[in-house]
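We did not get these values from a lab; they are worked out from the coordinates using the rules stated. Owing to the predicted nature of the structure, the values given are computational and were not obtained by experimental measurement. Note that each Cβ is placed from the backbone with ideal geometry, even for glycine, and that neighbours are counted across all protein chains shown.
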Amino acid sequence: MPEIRRGQNAAASAQEGSLWFPAPPWRQRLRRRLLAWYARCARQLPWRDEPTPYRVWISEVMLQQTQVQTVVPYFERFVAALPSVHHLAAAEEEEVLRLWQGLGYYRRGRQLHQAAREIVRRWGGEFPQTLQQWLSLPGVGRYTAGAVLSIALGKRVPILEANTKRLLARLAAYQQPVEGAAGQRYLWQLAQVLLPRKAPGTFNQAMMELGSLVCRPQSPQCAQCPVEALCRARELGLEQQLPRSNARPRWEQRHEVVLALRSRGQVLLQQRERGEWWAGLWDLPRKQIASARAESAQVAGWARELLGVAGFVPRRCFTAQYTVTRFRVRQQVFQAEVANRRAKLPEGARWFPIRRLDQVPLPSPTQKVLRRLGWWE
DNA sequence: AATCCGGGGTA
DNA sequence: TACCCAGGATT
């Protein structure tokens, strides 16, 4: 099989160092086959039904580092609650975070909110039409700007993200690490060169869709690929080896103490500060410690300091574990019933009725702890 | 240009 | 558990 396919291109790919760019006929074939496939196989996704700038922008921000199926319900709930940039700009940050709760990367939610306010303030709620203007908004980088400009505004602007990076690296049989500077530069150029003048947004989406559904990370489905015959990695039998990426760093162990303080059917929560994980969300009081096992006396001291009152003793409850990015965090959960409460709590701390916890934006690991305590759902 | 940042889902 | 995800911001 490979012998048959190995043609004149094999010689060209053997030269290292010189970058490959497709000739116009190759580009035309790619576009035609890709778009025909997309017309047949595209998934129906809520932001595709009605690709207004607002909806596409919201979806693209939600889709940053987040899988499509995860985003769908969040997207529908979000645009139902806040159907326009004016609604978003007028909303409280806490409402935005509540709609974002569970989706992860909460900075995106806060930046989306800030950007909506800027769009209203700077342009009266009209969406910008240039790459420069989009890039000036918080939470909008080259990918997101390109996606909104091409998909919602019909501009000829390329995109590059996880799916198209992999697809392009294979199509071109690019052998260097795709994360490197040279790789990024090359792949962006390639994305630009391939982009048709007509319906660039459809082309960009089709590339992502093909990368996602067919040109998958492991075991790409080459037999079902509309551009298999154009693929240089396939021609070389390298489709499983590419793209090359850099070695990933190892994980790091951390330890935390968590305080579950209850009083009169209420639980003490603290709002995570900016710069912390889950910034803006509400969370059980939580502190990083150096060792694997917390000293009960120190936990008690911390709890008294937090509340400004004494007369209760947190007891060790259970340990929980969660993983975030490259950190593996082991939590020791301490629980206490607080009888006498002081009126004044530290900045950012509040008592919340346990019955109302479903209305509070909480980090996922905290939800798990609250469930084990029997305090939530 | 390289590094840092940071939630969640799944094979 | 390893690997991946429609990246952005910072230095």
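Whole Å is fine, so just give me how far the alpha carbon centre of segment A:67-104 lies from that of segment A:188-209. A separation of 28 Å, based on Cα centres. Helical content of chain A, expressed as a calculated mean residue ellipticity at 222 nm, amounts to -12500 deg cm²/dmol (DSSP H runs of 4 or more residues, -39,500 (n - 2.57) each, divided by residue number, nearest 500). Which of rounded, prolate or oblate describes segment A:305-377 when judged by the alpha-carbon gyration tensor and an a/c cut-off of 1.5? Taking the square roots of the gyration eigenvalues as a ≥ b ≥ c, segment A:305-377 is prolate.
Classify segment A:167-312 as rounded, prolate or oblate from the Cα gyration tensor: take a ≥ b ≥ c as the square roots of its eigenvalues, call it rounded if a/c is under 1.5, otherwise prolate when a/b beats b/c and oblate if not. It is prolate, given that a/c is not under 1.5 and a/b is the larger ratio. Looking at chain A, what % of its DSSP beta bridges pair antiparallel, to the nearest 5? The antiparallel proportion sits near 65 percent. Once the Cβ-Cβ distance of A:GLU337 and A:SER18 is raised to the sixth power relative to R0 = 51 Å, the FRET efficiency obtained is 0.10. Put a dot 7 Å past the Cα of A:ARG371, heading toward its Cβ, do the same for A:GLU276, and the two dots end up 2.3 nm apart. Using only the Cα atoms of segment A:276-333, build the gyration tensor, take square roots of its eigenvalues as a ≥ b ≥ c, and label the shape rounded, prolate or oblate: rounded if a/c is under 1.5, else prolate if a/b is larger than b/c, else oblate. Oblate. The orientation-averaged projected area of the convex hull spanned by the Cα atoms of segment A:102-257 comes to 12.5 nm². Under 5 Å from the amide H of A:PHE318 lie the amide H atoms of A:VAL333, each residue being 5 or more positions distant or on a separate chain, with H modelled from the backbone and absent for Pro and chain starts. In a solvent-free Debye calculation with one equal scatterer on each Cα, what is log10 I(q)/I(0) for chain A at q = 0.13, 0.15 Å⁻¹, listed in the order of the q values? Debye output, listed in q order: -1.07, -1.24. Among A:ASP49, A:ASP283, A:ASP358, the ranking by other beta carbons within 10 Å of each residue's beta carbon, starting with the fewest, stands as A:ASP49, A:ASP358, A:ASP283. Contact order, relative form, for chain A: 15 percent (alpha carbon pairs under 8 Å, 6 or more residues apart, mean separation divided by residue count).
Going from the residue with the fewest nearby Cβ atoms within 10 Å to the one with the most, A:ILE119, A:ILE151, A:ILE289 rank A:ILE289, A:ILE119, A:ILE151.
Report D for segment A:233-339 in µm² per second (integer): Stokes-Einstein, Kirkwood Rh on Cα pairs, 25 °C, 0.890 mPa s. Using the Kirkwood radius from Cα pairs, D works out to 149 µm²/s.
Rounded to 0.05, the FRET efficiency of the A:LEU135 and A:LYS344 pair, given R0 = 25 Å and the Cβ-Cβ distance, is 0.05. Computed from backbone phi with θ = phi - 60° and the Karplus coefficients 6.51, -1.76 and 1.60, the 3J(HN,Hα) list for segment A:230-239 is 9, 8, 6, 5, 5, 4, 8, x, 9, 4 Hz; x is used for glycine and proline.
Taking label points 7 Å from Cα along the Cα-to-Cβ direction, A:VAL72 and A:ARG355 give a separation of 3.6 nm. Residues whose amide H falls under 5 Å from that of A:ARG254, counting only those 5 or more places apart or on a different chain, are A:ARG328, A:VAL329, A:ARG330, with hydrogens built in the peptide plane. Once the Cβ-Cβ distance of A:GLU92 and A:GLN176 is raised to the sixth power relative to R0 = 45 Å, the FRET efficiency obtained is 0.45. Taking every Cα-Cα distance in segment A:172-246 and sorting them into 10 Å bins from zero, the calculated P(r) comes out as 17, 48, 33, 2 percent.
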